[in-house]
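The values are calculated or read from the model by the stated rules, or taken from the named source; none is laboratory data. Please read all numbers here as calculations on a predicted model, not as lab measurements. In this analysis, Cβ positions are derived from the backbone assuming ideal geometry, glycine residues included, and neighbour counts consider all displayed protein chains. Heads up: the accessible areas ignore ligands, DNA and RNA and are worked out on the full protein's heavy atoms, side chains in. Shrake-Rupley method; radii C 1.70, N 1.55, O 1.52, S 1.80 Å.
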Amino acid sequence: MARGLLSPAYQETHVQRAITTLSCLDEVATNRHPAFAISLHAREASVDLELIEYPVVTPRPGALIPWEFAPEHNIEAVKEALRELSPKARQGFSFAELASLINGYRAVNAVVVPVEDVVAEHAFWQRLGFKAVHADKDLVVLRHDPYVPPAGPRYILLHAVPYTVPHFTDMDGVSEIALLCSSCAAAYKRFPETTFRTSISEVLIAGRKLNIGYVRSPAGVLVELFALVLS
């Protein structure tokens, strides 16, 4: 159903079923699952999307919000739009609502992260190479320029809210952000010892052997770090 809802705007590039659940995924899920399935989706000038299908999905009270951002956007107008969406974000979007948002943008190049502590969250994303292009007490806009295609800047919008929502991979909605790195173990060293991190697992996806690990931001957001195994 979810694949069909994305099909008007996104091209499906890969489907893989019956993947044995990785140790790192068990460490960031609400339940243990023997296996899962994925599908990968691409669109020009947009971030790639990965759908994860578990046998059981836990309803969630809130979600990250897919977004389209450009430097010329009026910051006050962005804040107003986010204030209107904030109650819905806390309650949680259905996948149909998320797909409607995604398909309605010319390009999805940003994710809105509702955060209670903007300063702590800002510091977390800086360690992953994001740089601030705007910062005030209500909204921080962070930019990342990927070294590999798809080309174009990517943005994280930290929107100040009076609540925190922990994220888990098997909860309904947008629960994680994936970033390519040269080494998961090396990326872990950028963070203080108190930062939550999982073990690092190896998996074969689309014919490529990957190492995958997770870190959790102060706002509870999961960041999947993945690296190609070149041996």
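Structural remarks
- Where only DSSP H runs of four or more residues are counted, the chain gives -6000 deg cm²/dmol as its mean residue ellipticity at 222 nm, each run worth -39500 (n - 2.57).
- The chain: antiparallel DSSP beta bridges as a percent of all, rounded to 5: 75
- Note on exposure: I156, I200 ranked by accessible area (1.4 Å probe, complete protein assembly) read I200, I156, with the most exposed listed first.
- Computed over segment 1-142: relative contact order in percent, which uses C-alpha pairs under 8 Å that are six or more apart: 22
- Across segment 60-131, C-alpha contacts under 8 Å between residues 6 or more apart give a mean separation that, scaled by the residue count, equals a relative contact order of 50 percent.
- Charge context of A219, other residues only, Cβ under 13 angstrom, K/R +1, D/E -1: -2
- Intensity falloff of the chain expressed as log10 I(q)/I(0), Debye formula with alpha-carbon point scatterers, at q = 0.10 Å⁻¹: -0.44
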